[in-house]
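**Student:** For reference, the structure I am asking about is given below.
The values are calculated or read from the model by the stated rules, or taken from the named source; none is laboratory data. Fair warning: this is a prediction, and the values are worked out from it, not measured in the lab. Cβ placement follows ideal geometry from the backbone for every residue including glycine, while neighbour counts extend to all protein chains displayed.
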């Protein structure tokens, strides 16, 4: 009797979904904002909902909360469970237009919540189209890095957990290799939402049979400015040739492009340019304090070490320009032990290792050395400092780097080391177009050590020429004595030394350095010999110890086997009787008694026989 009830319940659920979809479509159509309009600033009474006449749908263009949008109940439940309630500026501006089906070209500061601005429209688009597993791929989200793709997939999983869509993150993993590609081929046709990198998606277009995206409803490009660059140009062109042109397209980034060629490649139709921070006073977050320090190239590592030692209780991200630099600085600082956990991350690491490093860095206070692989889209909580040891390639890269801190209205600080010849870059950053407020700090360094050493006399002063203090004199009076013990006026002695040693003998100085160098070499040889001798002795002692243990083990086994053989031999000897033995023992005594009794009995019988014959 339960099967008909289940069928009836499923039918009722489908009817409820159909009614909900019909109401949502009517609401979206009735309250959609005009093209090119921006939402008004939120009112002071944000908690009070606007009143609407009975039978009419409320306008959603000026709402500030997710539950005021025309969203399905399942999406609202997912947002509530993920604790998303109030919309950010980019979400308020982009969601009303995206829910209407319009193409979006969005730009906002880092950490402003751009991910939810395309995750919610993608889920709602497929829900209103009644998308199912048999319909194939309905939404593709392209990400430039594997870490960002995994992060976007996690947001899809949180918000869409109440829906029945199938989603997957298709990224290139070095550890998986061909095995990972084969596993993805088996399930990629059953996925409704694909979060992937461009290279991996092109690989499946070329290798996976029957992989069809002809019914695609939405294409999303996160960090679109990087994806549309020359590095991904061929891959993006190959992807665009395999998907339909009639679709909804969303482009989001912190530094957006308005190039006509790029927009034509992606086939945007009447896109809505949404830049909530375009009129802002700064291109970086308002809560971010930015500093630039002019440091010579040879002093950058010293300054970085001093900075880490001064900020042991801060979570810090350090950006370097190459993988070699990241490895070198990490290994050197790890051996120096600054007193705070150190981690490093670069593009040559496996995807699983990168994910583990990000998770550990997210949970604890530590220092992360990284290349630009961590500059985009990485959402790490409570980063206090972002330090850039090397100058970034462009202003956009600088904005993305410092965007790892001061996220979601939290405070943060950024520091960049600039060489003296790179100071003109600071002027470009502080220009009116860039809108980056940087405070310059210059530090005085002593760099010409070779010239300074030539003015100092090497060696220790003799005891006679050391400054002596007479305790009987008043405090503060210092006296210097000559070889005979007479008091020398300090100023006169200095003048005499300067007058007598006005000429610097370079030959003597070089000869002195050569002698010191030879002496140091001899000391080094002696130290090496002593070190080798100690190692040899340790090795010999170790061998003797092992040999001693081996001999003890062998002797112990021989004693055990010898005792067992002795016990068996004694038992055998006891069971045997030797006739040629001098020691007869108890057995011989018993035999003698028996023979004596037999002889006595025989004599008695013979005497009785003789007596009977005589009678």
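**Student:** Look at the range 307-337 and say how many of its residues are in contact with a strand residue (DSSP E or B) (Cβ under 8 Å, 6 or more places away or on another chain) and closer than 23 Å to residue 291 by Cα.
**Tutor:** Matching residues across the range 307-337 total 12.
**Student:** Quick one: which strands (runs of 3 or more DSSP E) lie wholly within the range 357-445 and hold at least 2 residues that are assigned by TED's automatic domain parsing to the domain that holds residue 330 and either at pLDDT 85 or above or farther than 18 Å from residue 303 by Cβ (or both)?
**Tutor:** 367-370, 385-388, 412-418
**Student:** Further question on the same structure: Pick out the one residue from 96, 53, 42, 70 that is at pLDDT 90 or above and part of a loop (DSSP other than H, G, I, E, B).
**Tutor:** Only one candidate qualifies: 70.
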